[in-house]
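Only one structure is covered here, and it is reproduced in the block below.
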Amino acid sequence: MSQFFQIHEENPQARLIRQAVDIIRDGGVVVYPTDSAYALGCQMGDKNALERIRRIRKLDDKHNFTVVCRDLSEIANYSRVDNTAYRLLKHLTPGPYTFILKATSEVPRRMVHPKRKTVGLRVPDNPIALALLDDLNAPLMSVTLIMPGDEYPLTDPYDIRQELEHHVDLVIDGGYCGMEPTTVVDLVEEVPVIVRAGKGDVEPFAA
């Protein structure tokens, strides 16, 4: 049976954030809000938690998880960022974007694209998510909470609780979350490539 925390959307209660982070550090899988949709998250590098998330979403081992970071400097620890990419990242983080970049050795191998050696990273513009990351002092390994067979993410924390209370360790009620996924931008080459248009504005990448 999962725990259920109601955390204030704009002023997250420090006590509940600490308890949530303790659950993550103990190998827990949590549902948490972001600036685009609810997501499933766990401690980066936790193989057992990652496999639990795969089972919940029925994902194969080719699905790419996202490294969710608290700021631009943390992104730079886990990816190679050239000057062009840095300027874009500085302008667009935090925000509803996932950036594909070349991974550094700090990223667990199972999270790296086997051929391209890339990884997806993002900094969410959500006070609860940022508070979790700050207290954890490390990134989260994460995927959007879209259930098998569904086209859109789950948006209501009470529905999420009912559906996943026996599969996750914690559901964070951070209010209603949207259904639009992040915009995914490949920054590996000199010219950015929009992989998926989502909530984030694509105008900054126009030629």
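The values are calculated or read from the model by the stated rules, or taken from the named source; none is laboratory data. Source: prediction; values computed, not measured. Please note: Cβ atoms are built from the backbone with ideal geometry, for glycine as well, and neighbour counts cover all protein chains shown.
Return yes when Met147 is assigned to a loop (DSSP other than H, G, I, E, B), closer than 26 Å to Gln43 by Cβ, of a type in the set (A, V, I, L, M) and touching a Leu at 6+ places or on another chain (Cβ under 9 Å) and no when it is not.
yes
Considering the stretch 162-198, the residues that are of a type in the set (Asp, Glu) and within 20 Å of Gly95 (Cβ to Cβ) include one that is modelled with the highest pLDDT, namely Asp186. If you filter the stretch 137-166 down to residues that are closer than 28 Å to Pro108 by Cα and touching a strand residue (DSSP E or B) at 6+ places or on another chain (Cβ under 6 Å), you find that the one that is surrounded by the most Cβ atoms within 10 Å (Cβ to Cβ) is Leu145. Asp159 passes every criterion in (1) farther than 24 Å from Gly95 by Cα; (2) not in a helix (DSSP H, G or I) apart from (2).
Just to verify a result, which residue in the stretch 11-60, among those that are within 23 Å of Met147 (Cβ to Cβ) and basic (Lys, Arg), is surrounded by the most Cβ atoms within 10 Å (Cβ to Cβ)? The residue in question is Arg52.
Restricting attention to the stretch 71-94, and to residues there that are hydroxyl-bearing (Ser, Thr, Tyr) and over 19 Å from Val193 (Cα atoms), which single residue is nearest to the chain's Cα centre (by Cα)? Here the answer is Tyr78. Of everything listed in (1) surrounded by fewer than 20 Cβ atoms within 10 Å (Cβ to Cβ); (2) touching a Lys or Arg at 6+ places or on another chain (Cβ under 9 Å), the single unmet condition for Asp201 is (2). Checking the stretch 51-70 against the condition returns a match, with at least one residue being aliphatic (A, V, I, L, M) and over 13 Å from the mean Cα position of the chain (by Cα).
Tell me whether the stretch 82-98 contains one or more residues that are modelled with pLDDT under 95, aliphatic (A, V, I, L, M), closer than 27 Å to His113 by Cβ and out of contact with any helix residue (DSSP H, G or I) (no Cβ under 8 Å at 6 or more places or on another chain). Yes, some residue in the stretch 82-98 is modelled with pLDDT under 95, aliphatic (A, V, I, L, M), closer than 27 Å to His113 by Cβ and out of contact with any helix residue (DSSP H, G or I) (no Cβ under 8 Å at 6 or more places or on another chain). Evaluation of Asn83 against the conditions (1) more than 28 Å from Met179 (Cβ to Cβ); (2) touching a Ser or Thr at 6+ places or on another chain (Cβ under 6 Å) shows that the sole unmet condition is (2).
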